[in-house]
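The values are calculated or read from the model by the stated rules, or taken from the named source; none is laboratory data. Predicted, not measured: the structure shown is a model, and the values here were computed from it. Methodologically, a virtual Cβ is constructed for each residue, glycine included, from the backbone with ideal geometry; neighbour enumeration extends over all protein chains shown. Each accessible area value is taken on the protein alone, full model and side chains, heavy atoms only, with ligands, DNA and RNA left out. Shrake-Rupley method; radii C 1.70, N 1.55, O 1.52, S 1.80 Å.
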Amino acid sequence: MMEAMSLVSEQVETVSASAGHAAKYTRNNPYISTVLVNELLTGEGSEKETRHVDLSLEAGMTYTPGDAVGIVPENRESEVAEVLKALGYTGDERVLDHYKVEISFHEALRTRLAIGKLTRGAVNQYAKLVDPAHKIEALSLMVGPEHKARAEEYCWGREFIDLIKEFPGVITAPQQLFTVLSRLTPRMYSIASSQAMHADSVQTTVRVIRYDSHGRERQGLCSGHLGERAPVGGTMPIFLHANGNFRLPEDTTAPVIMIGPGTGIAPFRSFLEERQATGQKGDNWLFFGDQREQLDFLYKEQLQGMHKDGVLTHLDLAFSRDQAKKIYVQDRMQEKAAELYKWLERGAFFYVCGDATRMAKDVETALLDVIAKGSNGTLEHAAEYLETMKKQKRYQRDVY
């Protein structure tokens, strides 16, 4: 199950700790940050659990609005214990990690191996370890490209613990798990702050994923870590990651249009704080949406304050569940089509952050419609107009 989070995904590059120098902290050598704030943004009764997390930085660690913070999570202790029990090991056994460093099997399961979300690759590798004299028919029917669909169906909503419980006795040495399981990898979250306002920390917006599947309670790896095991004063390994393809205009007077429903608000809070703190004169227009205004209006007071103070020229809201007919950010765009087109003609930069599967596509469709209506042209003309915007770096997306 995909973690819903404010991830940066389109062409992300490594950030330097300071201009012109190689990054001191990386995914392989993270900075041990202190959790300064970890607070719930959503109200009691919301269907979502969205958190604001503030993490300390060392002097010299810098980022630009649009960048991401990489967070290195750990597997839950309860999950590690369950895997050890199912495999019949104590955790004290010695293994070599990906860098041939000797560690305990327990440490490997906690910090090195992806024991969460099950993948087809893991099923294939696990099946290779089966003793040919004791072939497991159900497992062999999920191996190879010809059985891809069946394997993917099996993996959906399952984790490694499900595989080893359903098909036990295959693992004969702890080291084998390094050939079966992927490496535990960091998660990237869009930065929700400007260093012009928060010099010594980096902030992000995280939706904690929790769900039930196949009779078990489950949670997102990193979002669950941040939701349950990252108390204020605790530590979290992090590093900074640049996204040169998601940047405010170099011309500080250029208008900016931002579409950021849900946790997609994160980079736009960063953009707005940057423009406010540095006195940039360009107009700013934000479209934000979620389920319910009373429960899910993230950063409500700050955004309303920015609107009142003129930092936000326009603030358009779409709360899908507050009326019988669901209303989304793309619907608000259609309502403001004439004004939006005027902004585009003034050279506005257009940004989208959030869900790639539906929202970003629906927003692009609405944007093409806005351009076609505004120019009294065809959708073909609108597509050419949008292509020109892309070449001018005036249409940028951070979708996941």
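If you take the Cα atoms of region 314-353, find Rg, then find the Kirkwood Rh from the mean of 1/r over all pairs, what is Rg/Rh?
1.04
What's the extension gain from A86 to T172 if we count 0.36 nm per residue and subtract their Cα-Cα distance?
That works out to 29.7 nm of additional length.
Go ahead and estimate [θ] at 222 nm for the chain from helices alone: -39,500 (n - 2.57) per DSSP H run with n ≥ 4, summed, over the residue count, rounded to 500.
My calculation for the chain gives -9000 deg cm²/dmol from helical runs alone.
Rounded to two decimal places and with Rh computed the Kirkwood way over Cα pairs, what is Rg over Rh for the chain?
A ratio of 1.02.
Explain nothing, just compute: Karplus ³J(HN,Hα) = 6.51 cos²θ - 1.76 cosθ + 1.60, θ = phi - 60°, for every residue of region 24-32 in order, whole Hz, x for Gly and Pro.
After applying 6.51 cos²θ - 1.76 cosθ + 1.60, I find 6, 10, 9, 4, 8, 9, x, 7, 8 Hz.
Taking the Cα atoms of region 37-143, report the difference between the largest and smallest coordinate on each principal axis, in whole Å and largest first.
Here the spans come out as 57, 39, 28 Å, largest first.
Using alpha-carbon positions, what is the distance between the centroids of region 145-182 and region 293-348, in Å?
First find each Cα centre; the distance between them is then 45 Å.
Roughly how tilted is helix 266-277, in degrees to the nearest 10 and between 0 and 90, from the longest Cα axis of the chain?
The two axes meet at around 40 degrees.
Once you compute Rg and the Kirkwood Rh from C-alpha atoms, what is the Rg to Rh ratio for region 110-267?
Rg divided by Rh gives 1.09.
Give the lysines reachable from K24 as a straight Cα distance under 24 Å; neighbours fewer than 8 places away on the same chain don't count.
K100
Convex hull over the alpha-carbon atoms of region 264-400: what's its volume per residue in Å³?
Each residue corresponds to 116 Å³ of Cα convex hull volume.
List the lysines whose Cα sits under 19 Å from the Cα of K373, skipping any in the same chain fewer than 8 residues away.
K336, K342, K361
HN-Hα J couplings of region 239-249 from phi, Karplus 6.51/-1.76/1.60, θ = phi - 60°, integer Hz, Gly and Pro as x?
8, 9, 9, 7, 9, x, 9, 9, 9, 4, x
Estimate the FRET efficiency between T34 and T365 by the formula 1/(1 + (r/R0)^6), using the beta-carbon distance for r and 60 Å for R0, to the nearest 0.05.
Calculated transfer efficiency: 0.85.
Over the chain, what is the mean sequence separation of C-alpha contacts under 8 Å (at least six apart), divided by residue count, expressed as relative contact order in percent?
The value is 23 percent.
Looking at the chain, send over the antiparallel percent of its DSSP beta bridges, to the nearest 5.
Roughly 65 percent of the DSSP beta bridges within the chain come out antiparallel.
What are the semi-axes of the equivalent ellipsoid of region 208-279, taken as the square roots of 5 times the eigenvalues of the Cα gyration tensor, listed largest first and rounded to whole Å?
34, 16, 11
Cα axis of helix 359-374 to longest principal axis of the chain: angle in degrees, 0 to 90, nearest 10?
The angle comes out near 20 degrees.
What are the residues whose amide H is under 5 Å from the amide H of R158, where those residues sit 5 or more places off or on another chain and H is modelled from the backbone?
L118
If I compute solvent accessible area with a 1.4 Å probe over the protein chains, what percent of it on the chain is carbon and sulfur?
50 percent
Taking the solvent-accessible surface of protein heavy atoms with a 1.4 Å probe, what is the per residue accessible area of region 45-95 in Å²?
I get 39 Å² per residue for this part.
Taking K308 as the anchor, which lysines have their alpha carbon closer than 18 Å to its alpha carbon, excluding any fewer than eight residues away along the same chain?
The reachable lysines, counting only those whose Cα sits under 18 Å from K308, are K281, K300.
In whole percent, what relative contact order does region 190-302 give with Cα contacts below 8 Å and a gap of six or more residues?
30 percent
Given the options M389, V311, T263, identify the residue whose Cα lies farthest towards the positive end of the charge dipole of the chain (+1 on Cβ of Lys, Arg; -1 on Cβ of Asp, Glu).
So the residue we want is M389.
Once phi is turned into θ = phi - 60°, what whole-Hz ³J(HN,Hα) does the Karplus curve with 6.51, -1.76 and 1.60 give for every residue of region 282-292, x standing for Gly and Pro?
So the Karplus estimates, Gly and Pro as x, are x, 6, 10, 10, 10, 10, 10, x, 6, 7, 9 Hz.
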